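A short worksheet on the structure shown next.
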Amino acid sequence: MNVALADQRSPSEIVVEGAHAVKALIEAEDFSVTEVIVERDRHLDLAEQCRKEKITVRRETRAGMQQISGYDFHRGILASARRPQQLHLEPLLQEDCFRKFLILDHLADPGNLGTLIRSAAAFGADAVVLESGKGADPFCRKSIRSSATAVFRTAIIEVPCLEESLRQLQKSDVWLVGTSCDPEEQTQSAALRTPGSKIALAVGSEATGLRQNLSSLCSEIRHIAIADEMESLNAAVAGSLLMREVFAEG
C-alpha cells in the first residue's frame, strides 16, 4: 500500500488512518479491507480483531509508518480498502426508505465535503449525491477524517451528471430545495410541497455556489440571513444549518 499517493483520486483503493476510523471501516458492510498496517506494540486489540476477520495485518516501526504515510504519522494504524461498489440513483428512488437526499455541487475542499457527509448522517439524510470526478473525492483521507466515520455508513452516490440526476429526482416527485447566498433569490414556495413527500437539499460549491442550471430545477430556494458585514458562511456550516432546517420538515 503506497499511502503517500493515496490522496490522488483512485478508482479502486482508499486509505483510512487512526484507530477509531479503522475500526469503523472494518465493521462497515460495504467496504472490503485489503490490509492493515500497525505500529509495533500499539493497537493490539484492533490487530487481533483484524486477524479474527482474516484481514492481512502488517507491523511496522514508527519510522516505517512515517515512510509509508509520507508525513510525521503518529496515530499508529492505517488501513487500505477497496472503494465501495458504485451505487445508482434511479433504483434507490424506487425504495421508500430513501426519502432525504443531500446534493453536493462540486465541493472543492475535502474538509467541507467530509463535514457535510457527517452532518448528513446526523440530520437523517439517506444518501449523498455528487458528480463523479468533479470537486473533492469523498473517499480521500481528509474527507474521511472530516466525516468522523460517517462516510462508512452513508450511501454515497457518484453520478455522471448532476443536472440529469436532479431531473430524475423531479420525475420521482422529490421536492428540490436549492441554496443561495443572495437573499433576492429566496422563494416562498415551501407551502406547495405535498406533506410527507421525499425531499432533497442542493448545496453549491465554496466559490460559486449552486450552479444556475441546477438552481433553476429546484422547487424552492433557501437563504440564511447573516450580518451585513459578513459576505457569506462557510459552505459546510451553511449546508449543515439548512440540512437541520429542511430535513426536520420531514
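Listed values, structure above:
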{"item": "Quotient of Cα Rg and 2.2 N^0.38 Å for segment 12-142, N being how many residues it contains", "result": "1.19"}
{"item": "Restraint check, 54/100; 100/134; 52/100; 134/171; 54/134; 23/100, Cα-Cα greater than 32 Å", "result": "54/100; 52/100; 54/134"}
{"item": "Distance between segment 111-188 and segment 31-101 - C-alpha centres, whole angstrom", "result": "23"}
{"item": "Rounded to 5, the percent of DSSP beta bridges in segment 3-82 classed as antiparallel", "result": "75"}
{"item": "Surface/4 of the Cα convex hull for segment 140-209, nm²", "result": "6.8"}
{"item": "Kyte-Doolittle at least 0.0, axis length at least 15 Å by Cα - qualifying DSSP helices, the chain", "result": "110-122, 235-247"}
{"item": "Options 21, 113, 230, ranked by Cα towards positive dipole end of the chain, top entry (Cβ charges)", "result": "21"}
{"item": "Overall Cα dimensions of the chain - principal axes, largest extent first, Å", "result": "60, 44, 28"}
{"item": "Per-residue [θ]222 nm for the chain (sum of -39500 (n - 2.57) over DSSP H runs n ≥ 4, rounded to 500)", "result": "-8500 deg cm²/dmol"}
{"item": "Antiparallel content of DSSP bridges confined to the chain, in %, to 5", "result": "35"}
{"item": "Under-5 Å amide H pairs with residue 129, H placed in peptide plane, nonlocal only", "result": "102, 103, 104, 157"}
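Every number here is computed from the coordinates shown, using simple stated rules; none is lab data. Only a predicted model underlies this, so the values are computations on that prediction, with no experimental measurement involved. FYI the Cβ positions are ideal-geometry reconstructions off the backbone, even for glycines, and counts take in every protein chain you see.
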